[in-house]
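S.K.: Here you go, one structure.
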Amino acid sequence: MRLTSELWNRLVLSPQTLAATSPLDLQRALLSGIPAPLRGTIWQILSASKNPDLEQVYTNVLLTTSSPQEKLIRKDINRTFPKQDYFRSKDGPNGQESLFNVCKAYSLYDPEVNYMQGMAFIVGPLLLNVFPSEFCSNVRCRRRKRSASSFD
């Protein structure tokens, strides 16, 4: 199978079927690179991080609740990716505000971890590829990291 939009569409519609019926095609496609417009969607599929219930919690609860870490988060995000256009502006709906929202939400969602300096450097690249409401991608990434580090 040639690497076409058909393969990516099949992956979005039925990832398990594609993996079972065309594993080598899928491997070749992934190794050649995921097209930028589909990257966030494909990442979520492959990481099994799509969770509509958690996205609702993010939107309806975590975004509307204050965090004791807000001042520290604001201070840190101003220094995160200063040369990246998406994160440069402070006003209006932009990368810095999205970065703040996801870091704040995570500090409320996972009180054991709360907010840690440098967390924005994990969240930032995710935001370049997924919507902020796709909070689940960050949660899934952090949980896997925690699981891996628990064996140290």
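The values are calculated or read from the model by the stated rules, or taken from the named source; none is laboratory data. Given the structure is predicted, the values throughout are model-derived calculations rather than measurements. Neighbour counts run over all protein chains shown; Cβ positions are idealised from the backbone, glycine included.
S.K.: In the range 6-28, how many residues are surrounded by 11 or more Cβ atoms within 10 Å (Cβ to Cβ) and assigned to a helix (DSSP H, G or I)?
M.R.: 15
S.K.: Taking into account only those residues within the range 29-78 that are modelled with pLDDT under 85 and not in a helix (DSSP H, G or I), which is surrounded by the most Cβ atoms within 10 Å (Cβ to Cβ)?
M.R.: For the range 29-78, the residue satisfying everything is SER49.
S.K.: A further question follows. State yes or no: is VAL113 of a type in the set (Val, Ile, Thr) and surrounded by fewer than 16 Cβ atoms within 10 Å (Cβ to Cβ)?
M.R.: Considered against the rule, which asks whether it is of a type in the set (Val, Ile, Thr) and surrounded by fewer than 16 Cβ atoms within 10 Å (Cβ to Cβ), VAL113 comes out as yes.
S.K.: Among the residues of the range 116-127, write down those that are surrounded by fewer than 16 Cβ atoms within 10 Å (Cβ to Cβ) and not in a helix (DSSP H, G or I).
M.R.: First pass over the range 116-127, keeping only residues surrounded by fewer than 16 Cβ atoms within 10 Å (Cβ to Cβ): 116-118, 121, 125.
Correct list: MET116, GLN117, GLY118.
S.K.: Quick one: what pairs do we get from the range 57-73, first residue in contact (Cβ under 8 Å) with a residue 60 or more places away in the chain, second of a type in the set (A, V, I, L, M), C-beta under 6 Å, 6+ apart or different chains?
M.R.: Partner pairs satisfying both residue conditions: TYR58/ALA105; LEU62/ALA105; LEU62/LEU108.
S.K.: Condition test on GLN96, is it more than 30 Å from ALA19 (Cα to Cα), free of Cβ contacts under 8 Å to residues at least 40 places away in the same chain, part of a helix (DSSP H, G or I) and not charged (D, E, K, R)?
M.R.: Yes.
S.K.: How many residues, within the range 6-33, are over 15 Å from ILE45 (Cα atoms) and touching a residue at least 24 places away in the same chain (Cβ under 8 Å)?
M.R.: 3
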